[in-house]
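To start, the structure under review is shown below, and the notes come after it.
Taken together, the values in this text are just the output of simple stated rules run on the coordinates, not laboratory data. Computed from a predicted model, the values in this text were never measured in an experiment. Neighbour counts run over all protein chains shown; Cβ positions are idealised from the backbone, glycine included.
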Amino acid sequence: MSSATATRKKRKITREEIRENFAGYMFLLPWLIGLIVFTAFPIGWSLWISMTNRTMALGRDISFVGLDNYRRLLGDPIFRQSLRVTILYAVWQIPLSRVLALLAALAMNRKMKGIGIFRTLFYLPVIVGGTVGANVMWRMLLRDRGYINQVLGFLNIGPIGFLTDPNVALYSLIGVSLWGIGGPMIIFLAGLQQVPEELYESATMDGAGSFRKLISVTLPMISPVILFSFIMGIIGALQVFEAGLVITRGGPARATNFMVLYLFREGFSYGRFGYASAIAWVLFLIIMAVTFCVLKFSENHVFSQANAAGGKDK
């Protein structure tokens with residue numbers, strides 16, 4: 001053992017260092033309390049409730065039922081339908097919204113006068129996109145006698161049952177969600193502005209055109225941003241709620257009865273807290289599994305500075 005190592009081991013912590021450490025822990029304490037009270041405890045409590053027969057009824061004995069709520073989910077046709085509807089929504093909404101957001105970011109990533117105004121206009125729907133008022137507006141626009149069907153009537157088209165046809169309602173909500181692409185657009189735009197100009201100059205010298213630059217330079221360089229946006233899209237799409245509640249109310253024929261909407265009704269409309277908590281945990285496990293699979297698949301497909309440095313060393 002070297003003398004320097006021995007000296008470090010023998011050195012005692014000074015009072016000043018103890019005071020600094022204590023001050024740091026005190027600054028962390030409010031956050032730690034908030035984490036325990038508002039995150040860790042509710043998560044653990046919901047897991048416990050999912051294994052009980054807890055309901056809204058006061059005075060009813062609460063008993064431990066184990067995995068009975070989860071077994072009941074497997075045979076629940078409404079749950080299976082809500083799961084199918086939610087997955088179908090995510091399968092369509094995530095790629096459409098990310099592709100449109102990327103195209104918008106490419107268009108907004110230009111050095112031209114007044115580009116900031118267009119970026120603001122694209123982002124504005126995000127501010128009001130998930131509010132009740134915005135969803136009520138879409139309901140007025142898309143109903144059978146709404147403004148969109150009135151315009152289509154002038155063109156001798158329709159009316160289309162955007163919200164009343166079980167085969168159309170889900171895709172109507174997917175379309176409604178696309179007006180909020182400003183959020184992922186801003187993320188993509190930030191990634192695009194970090195791509196070194198030297199790479200584009202080198203590609204130009206090699207004779208690459210605009211499309212080739214996009215495929216060989218832009219997309220690989222912003223692949224971490226794409227991955228992040230894709231994962232956030234998965235989490236958001238699998239938890240879709242407001243549009244199904246306000247615009248279609250889960251109908252028609254449960255065509256838009258998303259999992260979170262079903263969870264909400266089981267818990268707060270019917271008071272079956274144990275069953276609703278089981279739905280929440282199943283949804284949580286689905287999101288975790290899908291996210292894990294995406295991360296594992298992306299390990300060799302996402303650019304990083306560490307991988308680039310390792311490639312050069314080889």
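Geometric descriptor of region 227-292, per residue, is 85 Å³ (volume of the convex hull of the Cα atoms). Sequentially through region 37-42, phi angles give Karplus couplings (6.51, -1.76, 1.60; θ = phi - 60°) of 6, 9, 10, 5, 5, x Hz, Gly and Pro residues having no value and appearing as x. Here is how the number arises for the chain: DSSP H runs of 4 or more residues each give -39500 (n - 2.57), the sum is divided by the residue count, and the result at 222 nm is -20000 deg cm²/dmol. Taking chymotrypsin sites (Phe, Trp or Tyr not before Pro) across region 119-170, none is in a DSSP loop with at most 10 further Cβ atoms lying within 10 angstrom of its Cβ. For region 58-217, the extents of the C-alpha atoms along the principal axes are 74, 52, 29 Å, listed from largest to smallest.
The ranking of S63, S172, S210 from fewest to most other beta carbons within 10 Å of each one's beta carbon is S63, S210, S172.
With the simple model of a label 7 Å out from the Cα in the direction of the Cβ, F38 to D76 spans 2.9 nm. For T52, the residues whose modelled amide H falls within less than 5 Å of its own, excluding neighbours fewer than 5 places apart on the same chain, are V65. The ellipsoid equivalent to the alpha-carbon distribution of region 165-314 has semi-axes of 41, 20, 11 angstrom, derived from the gyration tensor eigenvalues as √(5λ) and listed largest first.
Among G209, G251, G274, the residue with the largest mean-square fluctuation in a Gaussian network model of the chain, with springs joining Cα atoms closer than 10 Å, is G209.
Computed from backbone phi with θ = phi - 60° and the Karplus coefficients 6.51, -1.76 and 1.60, the 3J(HN,Hα) list for region 259-266 is 4, 5, 5, 5, 4, 4, 5, 4 Hz; x is used for glycine and proline.
Taking the Cα centre of region 72-313 as reference, the dipole from Cβ charges on Lys and Arg (+1) and Asp and Glu (-1) amounts to some 560 debye.
Computed over the Cα atoms of the chain, pair by distinct pair, the Kirkwood hydrodynamic radius stands at 24.0 angstrom. If you run the Gaussian network model on the chain, springs between alpha carbon atoms under 10 Å, then out of A289, A280, A169 the most flexible one is A289.
Coordinate range of the alpha-carbon atoms in region 103-178 per principal axis, descending: 44, 29, 20 Å.
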